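To start, the structure under review is shown below, and the notes come after it.
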């Protein structure tokens, strides 16, 4: 990409306001490109994975989960945050196994994206998992995690988007990805 | 959707740890569905809009912007946070005008999604803007906002995704939406 001008903001000072189990919060004084100063509120997050898991009969595996930040239950693709030092593809397989009781013989990276670049550094790595088989023994969920597993065809996932039961960026992206793949296949 | 079990977490107590210009941070003690307790770190955000703006020759309007949270410059569709009491469609038009110098005769809601339901309540409303015309007089950006406008065909936007210059969820979703629309049109 051609660099036309420098848009960078330089850190003048940085204060850690909160250190949590999931996120840390910083307040930074920055110098803007025009030399003036401003404050930035920044949430640091370890990053996460999300998994578009497809069964052999092409159903999507979804998990229903209460999200305290939203004060409601929504339906998402299996996902979870990276543990320290853990490779994203390992986290993806672990979260799939813990949340759904399936494991996958095929795992392919689709893409990665920052979810809220305006205030947070959370990066979500999205994977496609195929050739699923049920685990003999279900893996334990985190002790504060409660989910309900659903298997739905693409058409039903689209209905869950319309009804706002599916209502988050990574899941919306994954479902649209599947729609696009099928539209491309139909074209051939 | 069929309700199979109650996954709800009840608030026991709630502490506001930070009140900022963009976000507030809360720490909540919650009662889990099994009766045990846990803590939730929750970021409150006013919500935002994002605009997939298409020129008459079907280019996408993008803005290059430094994101302090990421410590790098990325390319996004025009976006901005909701002001108090502002209707999302009004914010969408305002942000388009401020960031790109264009206004739109057609504005259509595509969808909305939460960006990080695990820790934040930020909801992004995504619009499609068409029939663009340049404003006679450019509107002022926020005083701490510096952006650079680009107009690119879909193929170039896809290259910017590969090179990770486009690297955020709303922009990735919007570009994939456009790909899907074009794949569907080609099918007809």
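The values are calculated or read from the model by the stated rules, or taken from the named source; none is laboratory data. Not measured: the values here are computed from a predicted model. Cβ placement follows ideal geometry from the backbone for every residue including glycine, while neighbour counts extend to all protein chains displayed.
Quick notes
- Count of the range B:160-179 residues, restricted to those that are assigned to a helix (DSSP H, G or I) and either at the interface with chain A (Cβ under 9 Å from one of its Cβ atoms) or under 18 Å from residue B:66 (Cα atoms) (or both), is 10.
- Residue count, the range A:54-72 (criterion: in contact with a strand residue (DSSP E or B) (Cβ under 8 Å, 6 or more places away or on another chain) and either farther than 23 Å from residue A:144 by Cβ or not assigned by the TED database to the domain that holds residue A:122 (or both)): 5
- The condition of being touching a strand residue (DSSP E or B) at 6+ places or on another chain (Cβ under 7 Å), crowded, with 20+ Cβ neighbours inside 10 Å, at pLDDT 95 or above and outside any strand (DSSP E or B) does not hold for residue A:104.
- Among the residues listed as A:126, A:107, the single one being more than 13 Å from every other protein chain (Cβ to nearest Cβ) and under 30 Å from residue B:165 (Cα atoms): A:107
- Residue list for the range B:23-45, filter: surrounded by fewer than 16 Cβ atoms within 10 Å (Cβ to Cβ) and outside any strand (DSSP E or B): B:33, B:34, B:35, B:36
- The range A:60-75 residues that are more than 7 Å from chain B (Cβ to nearest Cβ), paired with ones that are surrounded by fewer than 21 Cβ atoms within 10 Å (Cβ to Cβ) and outside any strand (DSSP E or B) (beta carbon under 6 Å, 6 or more apart): A:75/A:165
- Total residues in the range A:152-167, condition in contact (Cβ under 8 Å) with a residue 60 or more places away in the chain and touching a helix residue (DSSP H, G or I) at 6+ places or on another chain (Cβ under 9 Å): 7
- Filter pass, residue A:53 being more than 17 Å from residue A:167 (Cα to Cα), modelled with pLDDT of 95 or more and more than 9 Å from chain B (Cβ to nearest Cβ): yes
- Summed over the range B:102-144, the residues that are farther than 30 Å from residue A:71 by Cβ and without any contact (Cβ under 8 Å) to a residue 12 or more places away in the chain give a count of 4.
- Filter result for the condition that a residue is at pLDDT 95 or above and assigned to a loop (DSSP other than H, G, I, E, B), over B:70, B:93: B:70
- Apart from one condition, residue B:88 fits all of (1) more than 25 Å from residue B:57 (Cα to Cα); (2) within 13 Å of chain A (Cβ to nearest Cβ); the exception is (2).
- Test: residue in the range B:32-48 that is closer than 29 Å to residue A:33 by Cα and more than 10 Å from chain A (Cβ to nearest Cβ): yes
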